[in-house]
Amino acid sequence: MFLYLDLMPSTVYEIRLRCLTVNGSGPWSHWLQAKTKQREPILPKVPHSLTTTVTFDSVTLTWLPPNQPIRDVTGYVVGIGKFIPEVQRVSVTNQESQHTFRKLDPGTLYIVSVRSFNEFGESTAVFELVTTLF
């Protein structure tokens with residue numbers, strides 16, 4: 001038995017085989033087609049341990065990825081807004097765990113957030129209130 005790993009979901013593969021012994025190799029088999037199953041739709045889980053660092057005109061968000069395989073997370077959506085969350089949204093890759101919003105107003109209350117996403121949708125967000133320094 002031979003097992004192929006890391007195949008793409010919902011993809012048709014063509015396979016053929018032949019035997020090999022000490023006396024040489026036999027003829028190739030006819031081509032066979034096999035289709036992999038569709039990937040199960042799994043929404044990403046929520047990032048955790050959100051921390052913020054503020055200055056008079058910036059906010060840096062740092063987070064940890066959700067507790068699930070990295071293949072289930074395409075990236076993160078980081079948001080910021082005054083009074084209304086996520087007025088400005090930025091997408092970053094799943095290799096990033098930090099983002100800085102710059103050119104903010106000093107002494108202003110902001111709502112910041114981070115959520116994970118993949119091809120099936122977005123997780124719920126983690127929110128935090130921060131105030132830039134004077």
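Coordinate-derived values only; no laboratory data. Please read all numbers here as calculations on a predicted model, not as lab measurements. A quick note on method: Cβ atoms are made from the backbone with ideal geometry, for glycine too, and the neighbour counts reach across all protein chains shown.
Residue-by-condition table, conditions (1) out of contact with any helix residue (DSSP H, G or I) (no Cβ under 8 Å at 6 or more places or on another chain); (2) β-branched (V, I, T); (3) touching a residue at least 24 places away in the same chain (Cβ under 8 Å):
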residue: Y76; (1), (2), (3): yes, no, yes
residue: V87; (1), (2), (3): yes, yes, no
residue: S113; (1), (2), (3): yes, no, yes
residue: T124; (1), (2), (3): yes, yes, yes
residue: E128; (1), (2), (3): yes, no, yes
residue: T132; (1), (2), (3): yes, yes, yes
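Only residues that are closer than 17 Å to L7 by Cβ and of a type in the set (A, V, I, L, M) were counted in the range 18-38, giving 2.
For first residues located in the range 46-64 and closer than 15 Å to I111 by Cβ, partners that are among the acidic types (D, E) and lie 6+ apart or on another chain with Cβ distances below 9 Å form the pairs L50/E128; T52/E128; L61/E128.
Just for strands (runs of 3 or more DSSP E) wholly inside the range 34-134: which have at least 1 residues that are surrounded by fewer than 18 Cβ atoms within 10 Å (Cβ to Cβ) and in contact with a Gly (Cβ under 9 Å, 6 or more places away or on another chain)? Passing ranges, in order: 88-93, 109-118, 126-131. Just one of the listed residues (P66, P85, P41) is under 19 Å from S113 (Cβ atoms) and within 14 Å of the chain's Cα centre (by Cα), and it is P66. Can T93 be described as of a type outside the set (A, V, I, L, M, F, W, C) and either under 21 Å from F134 (Cα atoms) or in contact (Cβ under 8 Å) with a residue 40 or more places away in the chain (or both)? When the stated conditions are applied, T93 does not pass them. If you go through the range 105-134 and keep only what is more than 19 Å from N94 (Cα to Cα) and either hydroxyl-bearing (S, T, Y) or under 13 Å from the mean Cα position of the chain (by Cα) (or both), you end up with T108, Y110, T131, T132. Residues that are in contact with a Ser or Thr (Cβ under 7 Å, 6 or more places away or on another chain) and touching a residue at least 12 places away in the same chain (Cβ under 8 Å) within the range 14-34 comprise R16, L17, listed in sequence order.
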